[in-house]
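Participant: Take a look at the following structure, please.
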Amino acid sequence: MAKIDANKEIRRAVDTGKVEFGFKQSEKNILKGNAELIILSSNVQKRIKEKIKQQCEIAKIPFFEFSGTSVELGSICGKPFIISCLCIRKQGKSKVLDLPKNKQ
């Protein structure tokens, strides 16, 4: 199986799918069951990371820990602000949902 470029797939999801940014929006979508995938930056606060992971496990929603910082994640998404947490509601033309399975 070819390695998936996380950066390209995240950007493709932002451009062609439905994505919401931020911890509160992600949490709402997890609780409503609207999330297909949650992506966390590597430097997200520990308590937020643990809370999101726990909610994802309960709701059976996959999560992916992005290897870069929230500044890098914001840049990849084409946004002029930091993004520590984002929720993929619809993946669009991306293969972003394969990221958790493709983790080394």
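What follows draws every value from the coordinates through simple rules; no lab data is involved. Quick caveat, the model's predicted, so the values are computed rather than measured. So basically every Cβ, Gly included, is an ideal-geometry build from the backbone, and we count neighbours across all protein chains shown.
Participant: Pairs needed: first member in the stretch 30-46, in a strand (DSSP E or B); second member anywhere, of a type in the set (S, T, N, Q) and surrounded by 15 or more Cβ atoms within 10 Å (Cβ to Cβ); C-beta distance under 6 Å; at least 6 residues apart or different chains.
Facilitator: From the stretch 30-46, the pairs are I38/S26.
Participant: Hey, can you tell me all the residues within the stretch 39-65 that are under 13 Å from S84 (Cβ atoms), buried (at least 17 other Cβ atoms within 10 Å of the Cβ) and polar (S, T, N, Q)?
Facilitator: S41
Participant: Check whether at least one residue in the stretch 23-38 is hydrophobic (A, V, I, L, M, F, W, C), under 23 Å from K3 (Cβ atoms) and surrounded by 17 or more Cβ atoms within 10 Å (Cβ to Cβ), and report yes or no.
Facilitator: yes
Participant: Next question, about the same structure. Could you tell me how many of the residues in the stretch 71-100 are without any contact (Cβ under 8 Å) to a residue 24 or more places away in the chain and assigned to a helix (DSSP H, G or I)?
Facilitator: So the answer is 3.
Participant: Still on this structure, I have one more. Determine which single condition K49 fails, assuming it passes every other condition in (1) touching a Lys or Arg at 6+ places or on another chain (Cβ under 9 Å); (2) part of a helix (DSSP H, G or I); (3) under 15 Å from S70 (Cα atoms).
Facilitator: Of everything listed in (1) touching a Lys or Arg at 6+ places or on another chain (Cβ under 9 Å); (2) part of a helix (DSSP H, G or I); (3) under 15 Å from S70 (Cα atoms), K49 misses just condition (1).
Participant: For the stretch 52-67, how many residues are under 14 Å from the mean Cα position of the chain (by Cα), outside any helix (DSSP H, G or I) and either farther than 19 Å from A6 by Cα or in contact (Cβ under 8 Å) with a residue 40 or more places away in the chain (or both)?
Facilitator: Residues in the stretch 52-67 being under 14 Å from the mean Cα position of the chain (by Cα), outside any helix (DSSP H, G or I) and either farther than 19 Å from A6 by Cα or in contact (Cβ under 8 Å) with a residue 40 or more places away in the chain (or both): 3 in total.
Participant: So, one more: Yes or no: S67 hydroxyl-bearing (S, T, Y) and either in contact with a Cys (Cβ under 9 Å, 6 or more places away or on another chain) or under 20 Å from G17 (Cβ atoms) (or both)?
Facilitator: Against the criterion (hydroxyl-bearing (S, T, Y) and either in contact with a Cys (Cβ under 9 Å, 6 or more places away or on another chain) or under 20 Å from G17 (Cβ atoms) (or both)), S67 does not qualify.
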